[in-house]
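This report refers to the structure that appears directly beneath it.
The values are calculated or read from the model by the stated rules, or taken from the named source; none is laboratory data. Every value quoted in this text rests on a predicted model; they were computed, and no experiment measured them. As a convention, Cβ positions derive from the backbone with ideal geometry for all residues, glycine included, and neighbour counts pool all protein chains shown.
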Amino acid sequence: MSKPRVIVTRRWHPEVEQVLTERYDTQLNQDDHSMSVAELQDALRSADAVLPTVCDKVTAEVLGADNIRAKILGSNGVGFNHIDLDAAKAAGLTVTNTPEVLTDCTADLALTLLLGIARRAGEGERHLRSGEWTGWRPTHMMGTSVTGKTLGLIGMGRIARAVAARAAHGFNMKIIFHDPFPPRDEDIAGLNASQCASPEEVFAQADFVSLHCPGGKDTYHLIGAEAFKSMKPGAFLINTARGDVIDEAALVEALESGEIAGAGLDVFEREPAVTAALLQMENVLLLPHLGSATMETRKAMGMRVVENIEAFFNGETPRDKLV
């Protein structure tokens, strides 16, 4: 019996690629280029499983290809707003993601951004590397203390709760949150976290606002001009969720006007493009979508995809099935 044919849209952790190559008739993306609409459609026509990542736009156009052979999209990432789930379902495709395995890694990066922007770390490194530093002085590059401040979380899923635990226990921060689907009491036990009735209630109280909601039409530009008006003067915004949750034009205005003090961003509205004004601002810390970027986590994510497609090919329901 022939092995199922699998197409991987980008380069993955080498150990995961090795497993896929051993178990399946696997086509790798050797030069790691971003696949076009036509290439993605060809992949759907020629493979039993296509393994996209969050950078692949698996749109209704892609999924509208004729003579689709593929039966499963094993996506490498926890988010899934890059896939048109309705179109995938209509095309008869099962879709899976990789939750849980990147929780701690992404929470660590959210704290990296929070601490980095509060203490002006990016600005300080640029200052030192440029040769402009003349030595210590009492008023030089003063930042904002984190310990004891209020952290507001928009969304209270696994990653948000991991951020809350680090902030509460490591920095004695007060935790407030809003989530339309709030967690169970036992999931937030020990965090001393207070639920707010609306995002605006979080904005009004938080010194740091960290975003942990899914992308998509329901949260598109959730953080816009009105949200920034609701935030405390001197507040900082952290985003490790999805870029289109923030209206970047409104963010630029809020930063330029001093409506908020700064932002730490790992994701962007039009990735890989970044709003030009943000690149010039000292009160913004920017990272290139590194939330899950550790060797350990990327391996675990890839192996979770392997687990999902293996279950599917064995006639079982993958544990991370979305549709």
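Look at Ala273 and say whether it is within 21 Å of Glu100 (Cα to Cα), of a type in the set (Gly, Ala, Ser) and surrounded by fewer than 22 Cβ atoms within 10 Å (Cβ to Cβ).
No: the conditions fail for Ala273.
For Arg69, are the conditions met, namely being at pLDDT 95 or above, out of contact with any helix residue (DSSP H, G or I) (no Cβ under 6 Å at 6 or more places or on another chain) and closer than 24 Å to Val16 by Cα?
No, not satisfied.
Take Leu290 and decide whether it is among the aliphatic types (A, V, I, L, M), surrounded by fewer than 16 Cβ atoms within 10 Å (Cβ to Cβ) and not in a strand (DSSP E or B).
In short, yes.
Quick one: how many residues across the stretch 1-49 are among the aliphatic types (A, V, I, L, M), under 15 Å from Asn76 (Cβ atoms) and either without any contact (Cβ under 8 Å) to a residue 24 or more places away in the chain or not in a loop (DSSP other than H, G, I, E, B) (or both)?
10
Counting only residues that are surrounded by fewer than 21 Cβ atoms within 10 Å (Cβ to Cβ) and either not small (Gly, Ala, Ser) or not assigned by TED's automatic domain parsing to the domain that holds Leu265 (or both), how many does the stretch 112-124 have?
5
Name the one entry in Glu17, Glu39, Glu22, Glu61 that is touching a strand residue (DSSP E or B) at 6+ places or on another chain (Cβ under 9 Å), at pLDDT 95 or above, of a type outside the set (Phe, Trp, Tyr) and surrounded by fewer than 19 Cβ atoms within 10 Å (Cβ to Cβ).
Criteria check complete, one pass: Glu17.
Go through (1) within 21 Å of the chain's Cα centre (by Cα); (2) part of a strand (DSSP E or B) one by one and return the number of the condition Ser194 breaks.
(1) is the only condition that Ser194 fails.
Among the residues of the stretch 188-231, which ones are under 15 Å from Lys149 (Cβ atoms) and modelled with pLDDT of 95 or more?
Those that are under 15 Å from Lys149 (Cβ atoms) and modelled with pLDDT of 95 or more: Ala193, Ser194, Val202, Phe203, Ala204, Gln205, Ala206, Asp207, Phe208, Val209, Ser210, Met231.
Within the stretch 73-89, restricting attention to residues that are at pLDDT 95 or above and among the polar types (S, T, N, Q), which residue is surrounded by the most Cβ atoms within 10 Å (Cβ to Cβ)?
So the residue we want is Ser75.
Does Lys229 qualify as being surrounded by fewer than 16 Cβ atoms within 10 Å (Cβ to Cβ), in the same structural domain as Lys174 (by TED's automatic domain parsing) and outside any loop (DSSP other than H, G, I, E, B)?
When the stated conditions are applied, Lys229 passes them.
Considering (1) under 25 Å from the mean Cα position of the chain (by Cα); (2) farther than 15 Å from Phe312 by Cβ, say which one Ala88 fails and leave the rest.
The failed condition is (2).
Please verify whether Ala204 is surrounded by 15 or more Cβ atoms within 10 Å (Cβ to Cβ) and hydrophobic (A, V, I, L, M, F, W, C), treating the condition exactly as stated.
The answer is yes for Ala204.
Need a quick list: helices (runs of 4 or more DSSP H) entirely within the stretch 61-163 having at least 2 residues that are out of contact with any Ser or Thr (no Cβ under 7 Å at 6 or more places or on another chain), closer than 27 Å to Ala227 by Cα and small (Gly, Ala, Ser).
Those helices (runs of 4 or more DSSP H) span 103-118, 121-129.
Exactly one of (1) modelled with pLDDT of 95 or more; (2) surrounded by 15 or more Cβ atoms within 10 Å (Cβ to Cβ); (3) over 11 Å from Val6 (Cα atoms); (4) touching a Lys or Arg at 6+ places or on another chain (Cβ under 9 Å) is unmet by Leu28. Its number?
Among (1) modelled with pLDDT of 95 or more; (2) surrounded by 15 or more Cβ atoms within 10 Å (Cβ to Cβ); (3) over 11 Å from Val6 (Cα atoms); (4) touching a Lys or Arg at 6+ places or on another chain (Cβ under 9 Å), the lone unmet condition for Leu28 is (3).
What about Gly155, is it exposed (fewer than 15 other Cβ atoms within 10 Å of the Cβ) and at positive phi?
The answer is no for Gly155.
With (1) at positive phi; (2) modelled with pLDDT of 95 or more as the list, and Glu253 as the residue in question, which single condition is left unmet?
Answer for Glu253: the failing condition is (1).
Is it the case, given these coordinates, that Glu307 is touching a Pro at 6+ places or on another chain (Cβ under 8 Å), assigned to a helix (DSSP H, G or I) and surrounded by fewer than 18 Cβ atoms within 10 Å (Cβ to Cβ)?
Yes: the conditions hold for Glu307.
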